[in-house]
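Step one of this worksheet: look at the structure below.
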């Protein structure tokens, strides 16, 4: 549902006071997105292209099903865990201590 | 705004599992709940949710602009002094923010009221952006909602847009608590939006982040982390061992350090002070402020730092009638006027109004038998039907 974009640009302009938003809004151009490869899914079952959602607010498109299937390698992503404890040379563990047992989200 | 009981999709669990929505059920209880949906008119969405969200966001920017120039504000927020320069620098450098969620009290009649701003590590993003949309598409196809139904939801597209601008096609590291299913799910979804924006990505646990002798933060392969999405609160990072080295690091963070100001409940009294009697704000004061007495004996007491409703107390006539346990509160509290949450049947409903890449762009609703929204509060989808 995209009918909001132009409306909100106007509102932002009206309410702008001293501080500018740090996010520079840009036209939401429709670009064909290539979804991420899913680990464990044969190539023929991978979704190779997503429909582009119409910015005027119709329901013609769909979301990328990032977890809809899973698998193997992706040229786009990797998990830095080839060496569980990490490559020597760096000090680790300086972040993350507070989070054990607590939810990080809000 | 109405709550409309409806049939759930018989296969929604399979749909959720297929989509990678691993936390649709938490401790055996429904987290995703489509036995009802909330129906809004387009006018309610545009006038009462979307426009106020943009306005509140702008007020928050004004607040940050003041705060980085006034150490009294940073002190009141209990932000460690060693982090002030980092925060101010990130603001002056105009480090871009990706997203946030305002929690609002709204009943379809009175103006929406800001309960709090989840500015740093908002979750419920996947179920809002993707699974809720899937529900709408299938609910229309199966006759559960009217064929003309729509949804206030372009969060997915706004996140991609955000990464396009922030990432510029480069490499993104994403870090958080990878052992928590909800946090990991959020990280994976955010990762996917970044990849769709043309970025390459690496996911790692927060405690796997390394620091080289030259001060650079690196991943497990000792590759420099130049851009980091962290699903991990700034206030925790500030106080941890590596927090001392943040200012000297070359890493750019999303959310940026200046969001540490806005993720603090202390913004509630600060906003009320800057914009008194604003229709979308509730009276709020720092605890200990003599003006807090104006709230009388009924108010909501919130720790400056708190997540998922932890340590929030509802006080009525001087007595705590509802509270949620947790580890927070050591840094102080604020008191906020009690908002009347809409109640449908036995449940209270809280609106989550999303903003991403600079624009309001979506809505999520959480229900709970308690007026305090918690991690386990159920997610109920919505539709625009009028």
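The values are calculated or read from the model by the stated rules, or taken from the named source; none is laboratory data. Computed from a predicted model, the values in this text were never measured in an experiment. Cβ sites come from the backbone with ideal geometry, for glycine too, and all protein chains shown count toward neighbours.
Only one residue in B:202, B:179, B:186 is at pLDDT below 95 and either more than 19 Å from the chain's Cα centre (by Cα) or not in a helix (DSSP H, G or I) (or both), so which one is that?
Numbers: B:202 fails: at pLDDT below 95; B:186 fails: either more than 19 Å from the chain's Cα centre (by Cα) or not in a helix (DSSP H, G or I) (or both).
The match here is B:179.
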Neighbours by Cβ (under 9 Å, 6+ apart or cross-chain): first from region A:73-96, at the interface with chain B (Cβ under 7 Å from one of its Cβ atoms) and modelled with pLDDT under 55; second assigned to a loop (DSSP other than H, G, I, E, B) and surrounded by fewer than 18 Cβ atoms within 10 Å (Cβ to Cβ): A:76/A:34; A:76/B:198; A:78/B:221; A:80/B:221; A:80/B:223; A:82/B:221; A:83/B:221
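May I ask you to say which residue of B:219, B:322 is free of Cβ contacts under 8 Å to residues at least 60 places away in the same chain, surrounded by 20 or more Cβ atoms within 10 Å (Cβ to Cβ) and in contact with a strand residue (DSSP E or B) (Cβ under 9 Å, 6 or more places away or on another chain)?
None of the other options fit; the residue is B:219.
Let me confirm something: among B:248, B:266, B:243, which residue is over 27 Å from residue B:306 (Cβ atoms) and in contact (Cβ under 8 Å) with a residue 24 or more places away in the chain?
Numbers: B:266 fails: over 27 Å from residue B:306 (Cβ atoms); B:243 fails: over 27 Å from residue B:306 (Cβ atoms).
After ruling out the rest, the residue left standing is B:248.
Please go through region B:14-54 and pick out each residue that is assigned to a helix (DSSP H, G or I) and surrounded by fewer than 21 Cβ atoms within 10 Å (Cβ to Cβ).
Kept after step one, since they are assigned to a helix (DSSP H, G or I), are these residues of region B:14-54: B:14-18, B:42-54.
Across region B:14-54, the qualifying residues are B:14, B:15, B:17, B:18, B:42, B:43, B:44, B:46, B:47.
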Count - residues of region B:146-173 that are in contact (Cβ under 8 Å) with a residue 60 or more places away in the chain, more than 10 Å from chain A (Cβ to nearest Cβ) and surrounded by fewer than 24 Cβ atoms within 10 Å (Cβ to Cβ): 3
Residue match in region B:246-261 (condition: buried (at least 19 other Cβ atoms within 10 Å of the Cβ) and at the interface with chain A (Cβ under 7 Å from one of its Cβ atoms)): no
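Could you tell me whether residue B:192 is crowded, with 24+ Cβ neighbours inside 10 Å, assigned to a helix (DSSP H, G or I) and free of Cβ contacts under 8 Å to residues at least 12 places away in the same chain?
Values: crowded, with 24+ Cβ neighbours inside 10 Å: yes; assigned to a helix (DSSP H, G or I): yes; free of Cβ contacts under 8 Å to residues at least 12 places away in the same chain: yes.
Yes: the conditions hold for residue B:192.
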Failed item in (1) assigned to a helix (DSSP H, G or I); (2) within 14 Å of chain A (Cβ to nearest Cβ), with residue B:86 passing the rest: (2)
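If only one of B:43, B:113 is under 28 Å from residue B:153 (Cβ atoms) and in contact with a strand residue (DSSP E or B) (Cβ under 8 Å, 6 or more places away or on another chain), which one is it?
The unique qualifying residue is B:113.
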Boolean, residue B:78 is under 30 Å from residue B:208 (Cα atoms), away from chain A (no Cβ under 12 Å) and surrounded by fewer than 23 Cβ atoms within 10 Å (Cβ to Cβ): yes
Any chance residue B:224 is facing another protein chain (nearest Cβ under 8 Å) and in contact (Cβ under 8 Å) with a residue 24 or more places away in the chain: no
Filtered residues of region B:117-134 (kept if under 19 Å from residue B:262 (Cα atoms) and in contact with a helix residue (DSSP H, G or I) (Cβ under 8 Å, 6 or more places away or on another chain)): B:117, B:119, B:120, B:123, B:125
Qualifying residue in region B:99-118 (condition: under 17 Å from residue B:194 (Cβ atoms), outside any strand (DSSP E or B) and touching a residue at least 24 places away in the same chain (Cβ under 8 Å)): no
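Residue under question is residue B:91, and the condition is that it be part of a helix (DSSP H, G or I), in contact with a helix residue (DSSP H, G or I) (Cβ under 7 Å, 6 or more places away or on another chain) and free of Cβ contacts under 8 Å to residues at least 24 places away in the same chain; does it hold? Spell out the reasoning first.
Working: part of a helix (DSSP H, G or I): yes; in contact with a helix residue (DSSP H, G or I) (Cβ under 7 Å, 6 or more places away or on another chain): yes; free of Cβ contacts under 8 Å to residues at least 24 places away in the same chain: no.
So residue B:91 fails the test.
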